[in-house]
Amino acid sequence: MPHPFKARIEIMLKPGVLDPQGEAVRHALATLGFTGIDKVRQGKLIEIDMEAENADAAAARAREMCEKLLANTVIEDYRIEISGR
Amino acid sequence: MKAAVIVFPGSNCDRDLADALGAVAGAEPVMVWHKEAALPAGIDLVAIPGGFSFGDYLRCGAIAARSPIARAIVDFAGRGGPVLGICNGFQVLTETGLLPGALIRNAGLKFVCRDVPLRVETTESPFTAAYAPGAEVTIPVAHHDGNYIADAQTLARLEGEGRIAFRYLDNPNGSLADIAGILSENRRVLGMMPHPERAAFPHQGNEDGAPLFRALAEALAGV
């Protein structure tokens, strides 16, 4: 019987890829007086509510979604967290 | 020659592109909505226009690249059919995997909309054959995400195989190796950020983009 799961998918630019938006945020933080900030990286968080047989099956589906659409693996890495809901 | 101009919600250069294909390349342009699962019969060229398909949601070109027509375009390219992607069309082509690499946010973070000087890096393609080798031309760009990126191995292949079609002379967006446009391995798919359809007629005040459409007319004549 399927159970309800929530997938939290974090998508970030790969470490070597320049993140000009993160860099702009870093500058803005410095302007506000926040010191000691070495680096800012900006990414995406996608939440998907779904039904699956178990947590492993939910993770497998989320992985397939990342590979086919949610992430562009040329430039991005993704991380999946599955929880009940 | 019959040319399919693909239209997505948010495409906004589709009519300009159809005009240039019609008047300069002498093609019969056919507008094709993204929900079509097949190209019309007898298509000789697929052209993917600029714009903001699906509002640039998720990533520029990502949703368009998974639309029903995208599969038909990939099949068409797989049979050796020529495909031209301009601006958002270039982003769609990288998202489908027909061209390597990706286009990310401009290094300067700003939307850049101006004429840019380019060098034609290869004339060995159905798109660039009408330019003089090494020709320097001026064609407008208008984009927020035109910063081309690829891994070192991909760049080495593009360089080694002469697949960089256009290079910026004054890089407006941080693109790797000043890349403005690239060709597929079989040289039948071209993606480029600059807009040749905006520099194709005397009334536009600049005809540096016209040879691209004339080259297509020549290459696809009689097909």
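Worth a mention:
- For region B:37-47, the set of residues classified as touching a residue at least 60 places away in the same chain (Cβ under 8 Å) and either within 14 Å of chain A (Cβ to nearest Cβ) or in a strand (DSSP E or B) (or both) consists of B:Leu45 only.
- Considering only residues in region B:141-161 that are in a helix (DSSP H, G or I) and among the small types (Gly, Ala, Ser), the one that is farthest from B:Gly205 (Cα to Cα) turns out to be B:Ala152.
- Those residues of region A:55-85 which are within 14 Å of chain B (Cβ to nearest Cβ), touching a Lys or Arg at 6+ places or on another chain (Cβ under 7 Å) and charged (D, E, K, R), in sequence order: A:Glu76, A:Asp77
- Only one entry of B:Gln153, B:Gln204 meets the criterion of being within 14 Å of chain A (Cβ to nearest Cβ), farther than 30 Å from A:Arg26 by Cα and not β-branched (Val, Ile, Thr), and that entry is B:Gln153.
- Within region A:53-82, the set of residues being surrounded by fewer than 11 Cβ atoms within 10 Å (Cβ to Cβ) and more than 20 Å from B:Arg66 (Cα to Cα) comprises A:Asp56 only.
- The condition (being touching a Phe, Trp or Tyr at 6+ places or on another chain (Cβ under 6 Å) and either in a loop (DSSP other than H, G, I, E, B) or more than 14 Å from every other protein chain (Cβ to nearest Cβ) (or both)) is satisfied by just one residue among B:Thr123, B:Thr138: B:Thr123.
- Residue satisfying all of: in region A:1-43; touching a Leu at 6+ places or on another chain (Cβ under 6 Å) and more than 14 Å from every other protein chain (Cβ to nearest Cβ); surrounded by the fewest Cβ atoms within 10 Å (Cβ to Cβ) among these: A:Ile37
Here is a yes/no grid of residues against (1) without any contact (Cβ under 8 Å) to a residue 12 or more places away in the chain; (2) more than 30 Å from A:Lys44 (Cβ to Cβ):
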| position | (1), (2) |
| --- | --- |
| B:Met1 | no, yes |
| B:Ser11 | no, no |
| B:Leu21 | no, yes |
| B:Trp33 | no, no |
| B:Pro49 | no, no |
| B:Asp56 | no, no |
| B:Arg79 | yes, yes |
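- Residue in region B:177-189 that is modelled with pLDDT of 95 or more, over 17 Å from the mean Cα position of the chain (by Cα) and not in a strand (DSSP E or B) present: yes
- Candidates are the residues of region B:93-103 that are of a type outside the set (Gly, Ala, Ser) and out of contact with any Phe, Trp or Tyr (no Cβ under 8 Å at 6 or more places or on another chain); the one that is surrounded by the most Cβ atoms within 10 Å (Cβ to Cβ) is B:Leu93.
- A residue that is modelled with pLDDT of 95 or more and within 23 Å of B:Lys110 (Cβ to Cβ) occurs nowhere in region A:50-65.
- Region B:88-100 - residue that is in contact with a helix residue (DSSP H, G or I) (Cβ under 6 Å, 6 or more places away or on another chain) and in a loop (DSSP other than H, G, I, E, B) and, of those, farthest from the other protein chains (Cβ to nearest Cβ): B:Leu98
- Pick from region B:63-72, criterion buried (at least 21 other Cβ atoms within 10 Å of the Cβ) and facing chain A (nearest Cβ under 10 Å), ranking: nearest to B:Arg188 (Cα to Cα): B:Ala65
Rundown of residues vs (1) in a strand (DSSP E or B); (2) surrounded by fewer than 19 Cβ atoms within 10 Å (Cβ to Cβ), yes/no style:
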{"residue": "B:Val5", "(1), (2)": "yes, no"}
{"residue": "B:Ala20", "(1), (2)": "no, no"}
{"residue": "B:Lys35", "(1), (2)": "no, yes"}
{"residue": "B:Phe54", "(1), (2)": "no, no"}
{"residue": "B:Cys60", "(1), (2)": "no, no"}
{"residue": "B:Val74", "(1), (2)": "no, yes"}
{"residue": "B:Gly81", "(1), (2)": "no, yes"}
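The values are calculated or read from the model by the stated rules, or taken from the named source; none is laboratory data. Everything numeric here is computed off the predicted structure, so don't read it as measured data. Note: ideal-geometry Cβ built from the backbone for every residue, glycine included; neighbour counts use all protein chains shown.
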